[in-house]
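*Asks:* Once you've had a glance at the structure underneath, I'll fire off some questions.
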Amino acid sequence: MAPPTEHCPIQLLVRSKEGVELFTLPDTSSTAATPPSPPKKGGTTLYKGKTTFHLLNPNGTCAYIHDANVGLIKCDFNNSSSSSSNSTTPFLQDSKAIQLAKCSPRGSYLLTWQRPNNNSGAGGGGANNNGNLKVWDAKSGTFLHGFSCKKATLATLQWTHDEQFVFHLVTNEVHVYSSTAFATRAGKVRCSGIASFSLPTVKGGGTTPSSNTNDNENNKYLLTAFVPGIKGKPARVDLLRYPDRMGRESTTGEENNIKSGPSLASKSLFNAEEANVQWSPRADAALLLTQTAVDATGESYYGSSHLFLMLENDSKRPGFGCALAVELPSEATKTSQGTVPIVEASWITNPLINGPVPFGVISGRMPALASLHHGVTTEPIFLLGRAHRNTMDVSPHGRFITCGGYGNLAGGMDFWDRNKGKKIPRHVVVGGETATTNYVTIKEASALSVTSSSPVVGHQWAPDSRTYLVSTTSPRMNVDNGVNIYRYDGSLVEESNLPWENSKYRPDRLLCAEYVPAPLFSTEEEKQTTEGKKDFYYYPDRPQSPPPRRFVELKGEAAKSALAKLSSQSNNGKGGGSAAAPAAAAYVPPKARNGGGGGGSYVPPGARKGSGGGGTSLAERMRQEREGGSANVSGIKVTKRTGPVGASSVTAAAAGEKSKSAIRREKQRLAKEKAEREAAEAEQRKKEEEKARADANKADPEKRAKKIKKTLKQIDEIKAKQASGVELNDDQKKKLVSEEGLRKELAALGL
């Protein structure tokens, strides 16, 4: 593909029960220099009729649609004639029974799976054996090779990121083939009990020393092999590298039979039934999320989970890799057993970041804590805050991050700018598009959270990182089906500005909606991106857009009144929903509604007089007590750890702790305050004693004189003891000091 002079528009493919459509997304910027004109409703119909599934080519040029009555059909986006009517000729021969399909990383090959039958054969490597796991040429639809696979999965066959080799999982082994020659094996990985393996699908250049590799290094490919635990033995994950580090029992090439070296790293897992691997965009590290179906402690309905990081290069052992347990923030809410459940883990998708590529983790009990971690040490480096979130979506350029609560959660979303370490402020236009348009900037973190109006099933960033898609689809949800588009700052694009109408898909007509991928660069162009001669992404990496100069920002009371007016219009059905919806009111029983049955308005139990709730429910007070002072940890940068391994790396301000110097200064301040307080109390006591004596003298001078004479007699006895060499105690010394004052007081009495 030649370097583009003009970027392709963002396209959206929508599959419903009526067919498959392709829509072109218009300019959705809320701060465009000129007001956008309403888009033309409707899109291009790629296929009409009932379909079972569809598949987008990674290079964004076509879609593969499956009709059970026809087979797998190819729809080219650039060929308008193919979209005018349905094709009755399948792209793949005898493809009606296909149930699963996927493309190779660069879209050159297709892999399909169908239920095995008597004609599928039992072998896996014969040239004349079609099998039920089939490899096809994605351009011509020519059948290339077939394998046998009883399980309904496509994970047993994977390509390398450059499609040079194919890895096929069989019993206790992984066979390696050249993508152009399946008759001869290029090697095998011997691993007894292997259940699954994983290869990276993308490999981008970076600025670390390991990324500056030569041609020999570029021909090496990492993979992970997972072996579940059996008969009391723990599960194990090995980090391997083809062709030189595949294990002692592995070989390279069927003809030369060259022995391979040991694995780069290995990790024993004592509580893992399955492992989910996510590769770094540089393909030099992998996140390993292990899970069990049942939590032995009974703390979680979803089972237990653990997170590890596997690295190709270990700085302490050159030539070997390492496996590290990811260090979770101390602010993450733990279970009663002291463990922290892992909700989500995801890499930052930009391989061009200076230094190691970080990754994000959502951990702890709900409300879970989202954090960013160092890509080598696994230390937390930034806290995104605690909320009811279970999904972290990173934009293709790695700049924007969405933390969402989907599935059985309420659908809340937070949009972050990773480069700035803040939630993205939102510009709300008030008063409509005029010559002097006014807008209000919302910067408060609590006001920037967005909640979807309907349950979220599908979610995805656009290839240009400017919009975010959420969809409600069937059969997961059979009501309120539709597609909504949010801008990168969390503002909703009005349906009137979109080329489709969600009412067409309601209540349960929408099956899937996803963005069409950006075009891929050629192999030569990818080499130029690695050398820095060409941008890595097809679409440019754009920061936040400032408002146009013709817009006027409202501040202070003017901004508050404008937002209040916009909110009232939205509640009355006149606005477009730009303002935040009002908070839900407390439940009022039927008898207390409209002033009836209760002799007054209903008051929730937590707000009743004498309840001690202060207007807060018991559940809310218990949650606040459980979370303690670490409830607000949003937007906190974590400093580099300086203590021993395993020590907390969160800053003193973030963790609620103080440094040694701060503790020392605090002790000195407290000691000084204590000394000053004691001196002030002594002075006050002295004044009170003098006042008491004066009052006593005025009341009964004879009694006071008698008491003074008795004290002076005791002082004379003390002096005699002192003259004889007896050591005096503190009370006796105090009496000696008070002698002069007592004699003056006695003389003043005149008795």
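The values are calculated or read from the model by the stated rules, or taken from the named source; none is laboratory data. Since the structure is predicted, the reported quantities are computational estimates derived from the model, not experimental observations. Methodologically, a virtual Cβ is constructed for each residue, glycine included, from the backbone with ideal geometry; neighbour enumeration extends over all protein chains shown. Side chains are part of the model used for accessible areas, which takes the heavy atoms of the whole protein and leaves out ligands, DNA and RNA. Shrake-Rupley method; radii C 1.70, N 1.55, O 1.52, S 1.80 Å.
*Asks:* Excluding V227 itself, what net charge comes from residues whose Cβ is under 14 Å from its Cβ, given Lys and Arg +1 and Asp and Glu -1?
*Replies:* For residues surrounding V227, the net value is 0.
*Asks:* Hey, can you rank 156-162, 65-71 by average C-beta count inside 10 Å, highest first?
*Replies:* 156-162, 65-71
*Asks:* Under a 5 Å amide H to amide H cut-off, with H placed in plane at 1.01 Å, what residues pair with L100 once short-range neighbours are removed?
*Replies:* Placed amide hydrogens put W113 under 5 Å from L100.
*Asks:* Students sometimes get this wrong: rank K674, K423, K151 by accessible area, probe 1.4 Å, all chains present, largest first.
*Replies:* Highest to lowest solvent-accessible surface, that is K151, K674, K423.
*Asks:* Let me ask you something else. Taking H placed 1.01 Å from N in the peptide plane, check which residues at least 5 places from A138 or on another chain put their amide H under 5 Å from its amide H.
*Replies:* Y109, L110
*Asks:* In debye to the nearest 20, how big a dipole does segment 411-482 give about its Cα centre with +1 on each Lys and Arg Cβ and -1 on each Asp and Glu Cβ?
*Replies:* Here segment 411-482 has a charge dipole of around 280 debye.
*Asks:* Within straight cross-link reach of K709, meaning Cα distance under 30 Å, which lysines are found once same-chain residues fewer than 8 apart are removed?
*Replies:* Within reach: K686, K687, K691, K698, K719, K721, K733, K734, K735, K744.
*Asks:* Can I ask one more? What residues have an amide H closer than 5 Å to that of T467, excluding those fewer than 5 places away on the same chain, when H is modeled at 1.01 Å from N in the peptide plane?
*Replies:* A462
*Asks:* Right, next: What is the dipole size for segment 312-373, taken about its Cα centre, with +1 at each Lys and Arg Cβ and -1 at each Asp and Glu Cβ, in debye to the nearest 20?
*Replies:* So the dipole magnitude of segment 312-373 works out to roughly 120 debye.
*Asks:* Related question: For the full complex of protein chains and a 1.4 angstrom probe, list R542, R693 by accessible area with the highest value first.
*Replies:* R542, R693
*Asks:* So for segment 352-426, averaging the separation of alpha carbon pairs under 8 Å that are six or more residues apart and normalising by length, what relative contact order in percent results?
*Replies:* 19 percent
*Asks:* Note down the accessible area of K48, probe 1.4 Å, to the nearest 10 Å².
*Replies:* 130 Å²
*Asks:* Based on the alpha carbons, how large is the Rg to Rh ratio for segment 393-481 when Rh follows Kirkwood?
*Replies:* Rg divided by Rh gives 1.03.
*Asks:* Against the empirical 2.2 N^0.38 Å scaling, what ratio does the C-alpha Rg of segment 305-421 come to?
*Replies:* Dividing the Cα Rg of segment 305-421 by 2.2 N^0.38 Å gives 1.09.
*Asks:* Excluding residues fewer than 8 places away in the same chain, name every one of the lysines whose C-alpha is closer than 18 Å to that of K151.
*Replies:* Reachable lysines: K102, K134.
*Asks:* Sorted by mean Cβ packing within 10 Å, highest first, what order do the peptides 553-563, 131-141, 17-27 take?
*Replies:* Top to bottom by mean Cβ count within 10 Å: 131-141, 17-27, 553-563.
*Asks:* Across all directions of projection, what mean area in square nanometres is found for the Cα convex hull of segment 446-497?
*Replies:* 4.2 nm²
*Asks:* Using the Karplus curve 6.51 cos²θ - 1.76 cosθ + 1.60 with θ = phi - 60°, work out ³J(HN,Hα) for each residue of segment 40-54 in order, rounded to whole Hz, and write x for Gly and Pro.
*Replies:* Values per residue, Gly and Pro as x: 6, 6, x, x, 8, 7, 7, 7, 10, x, 7, 10, 9, 6, 9 Hz.
*Asks:* Separate question: For A155 and D480 in the same chain, what is the full-extension length gain: residue separation times 0.36 nm, less their Cα-Cα distance, in nm?
*Replies:* Result: 113.7 nm gained on full extension.
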